[in-house]
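In what follows, a structure is listed as structure tokens, so that the remarks can point back to it.
The values are calculated or read from the model by the stated rules, or taken from the named source; none is laboratory data. Everything quoted here is computed from the prediction, not taken from an experiment. Cβ coordinates were reconstructed from backbone atoms using ideal geometry, including for glycine residues, and neighbour counts include every protein chain displayed.
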Amino acid sequence: MTSVSRETEALGQSEPFLHFQEKLSRVAEVDRPVLLIGERGTGKELAAGRVHFLSRRWEKPFITLNCAALSPTLIEAELFGYERGAFTGAESQRTGRFEAADGGTLFLDEIGNIPKEAQEKILRVVEYGFFERVGSSTPIEVDVRIVGATNADLPVMARRGKFRQDLLDRLSFEVLFLPPLRERDEDIMLLAHHFAGRMSYELGRDFPPEFSDEAIAEMESYAWPGNIRELKNVVERAVYSTHNDTIETIVFDPFISPYAHFIENVADEIKKDGESDRMDIVVEKSLKQAIIDYEQEILRRAFVKNRYNRKKTAEQLGLSYDQLRGLIRKHGAVLLGLS
């Protein structure tokens with residue numbers, strides 16, 4: 001149950017990356033819960049591991065649980081363990097993640113998926129340092145630091161009654177936002193060369209291929225909605241696919257069929273929705289919100305049509321590169337379909 005990240009270190013030299021690492025290092029020394037907020041592929045588990053290994057708990061267990069990978073009925077048993085006969089199929093006693101992490105750190109990925117019943121038991125562990133296994137009334141004392149991660153809006157979930165406000169208050173001693181790759185321009189090629197070198201070694205090649213100027217331009221103008229995980233896949237695919245010394249072509253989306261006919265004009269696609277449908281949307285919202293939604297839709301479609309190439313998207317929409325970057329910051333994850 002102890003997690004070892006495939007990435008041995010965090011790489012970056014951009015200001016957003018260095019600022020995040022500085023805050024991460026500071027909070028690692030303070031024995032309090034931490035929440036990591038970030039889009040998919042930004043390296044939340046890697047960041048959680050750094051919190052642990054930079055803390056005084058570094059010699060103790062680092063235990064992880066992906067809360068999105070389990071059904072709500074199983075999460076409680078995984079967290080707290082269970083006694084023999086606690087439920088159908090419980091043929092023997094089992095230790096939970098909290099018990100396994102005693103003295104160390106428990107990383108709860110996708111923490112927003114934890115059901116309310118289990119949230120209450122987690123709150124008791126945070127406040128009092130003990131819990132009971134499922135099917136037992138015997139308290140077990142533990143000393144565990146919790147690091148949670150999510151892309152969900154936990155304060156909104158708390159206001160809607162889907163996440164306990166008191167637990168959120170206890171877990172949010174520090175809340176760190178992982179910078180998305182689109183805000184780390186200086187790190188794109190640094191990471192790309194790193195992944196290219198590793199893939200070349202895996203393939204038994206003496207040297208990694210270089211990236212052509214065109215390939216570099218495409219990668220640096222791409223919005224990377226899947227962040228570092230997507231960059232790693234794209235680079236590894238490019239290295240694997242080329243048998244030359246230079247990578248000329250970058251394939252961002254391997255699911256695009258070579259036989260598909262792409263829509264040439266964003267305006268034509270928008271017209272297909274029907275004028276009356278757009279008017280129905282407008283009258284159901286405030287004018288301000290309708291304009292925002294319409295702007296997001298035009299931008300989203302333009303990004304998809306241009307395969308998230310920011311330079312081509314800006315040219316198509318008649319915007320400067322800086323104007324498009326401003327709109328990306330304005331609309332953020334919603335624009336890229338990450339919310």
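Looking across region 113-141 at every residue that is assigned to a loop (DSSP other than H, G, I, E, B) and buried (at least 19 other Cβ atoms within 10 Å of the Cβ), the one that is nearest to the chain's Cα centre (by Cα) is identified as I114. Here is the figure for region 296-322: residues that are part of a helix (DSSP H, G or I), out of contact with any helix residue (DSSP H, G or I) (no Cβ under 7 Å at 6 or more places or on another chain) and at pLDDT 80 or above total 4. Every listed requirement among (1) closer than 30 Å to T150 by Cβ; (2) surrounded by 14 or more Cβ atoms within 10 Å (Cβ to Cβ); (3) modelled with pLDDT under 95 is met by A217 save one, (1). Residues that are out of contact with any His (no Cβ under 9 Å at 6 or more places or on another chain) and among the aromatic types (F, W, Y) occur at least once in region 42-61.
For region 76-94, residues that are touching a strand residue (DSSP E or B) at 6+ places or on another chain (Cβ under 8 Å) and modelled with pLDDT of 75 or more total 10. Residues in region 171-178: is at least one crowded, with 19+ Cβ neighbours inside 10 Å, on the phi < 0 side of the Ramachandran plot, touching a residue at least 40 places away in the same chain (Cβ under 8 Å) and assigned to a loop (DSSP other than H, G, I, E, B)? Yes. The residue that is modelled with the highest pLDDT, counting only those in region 1-17 that are surrounded by 15 or more Cβ atoms within 10 Å (Cβ to Cβ) and hydrophobic (A, V, I, L, M, F, W, C), is F17. Touching a helix residue (DSSP H, G or I) at 6+ places or on another chain (Cβ under 8 Å), acidic (D, E) and crowded, with 19+ Cβ neighbours inside 10 Å: which single residue out of D166, D109 fits that description? It is D109. For region 56-73, a tally of residues being over 23 Å from the mean Cα position of the chain (by Cα) and closer than 14 Å to E117 by Cα returns 1. The set of residues in region 202-233 being within 25 Å of L46 (Cα to Cα), touching a helix residue (DSSP H, G or I) at 6+ places or on another chain (Cβ under 9 Å) and among the basic types (K, R) consists of K232 alone. Just one of the listed residues (I140, I122) is closer than 19 Å to P72 by Cα and among the aliphatic types (A, V, I, L, M), namely I122. Residues in region 59-73 include at least one that is of a type in the set (D, E), modelled with pLDDT of 95 or more and farther than 24 Å from A158 by Cα.
Which one of these is modelled with pLDDT of 95 or more, among the basic types (K, R) and surrounded by 16 or more Cβ atoms within 10 Å (Cβ to Cβ): R145, R159? Only one candidate qualifies: R145. Has region 182-195 got at least one residue that is small (G, A, S), on the phi < 0 side of the Ramachandran plot and at pLDDT below 95? No. Restricting attention to region 68-115, the residues that are over 18 Å from E45 (Cβ atoms), in contact (Cβ under 8 Å) with a residue 12 or more places away in the chain and polar (S, T, N, Q) add up to 2.
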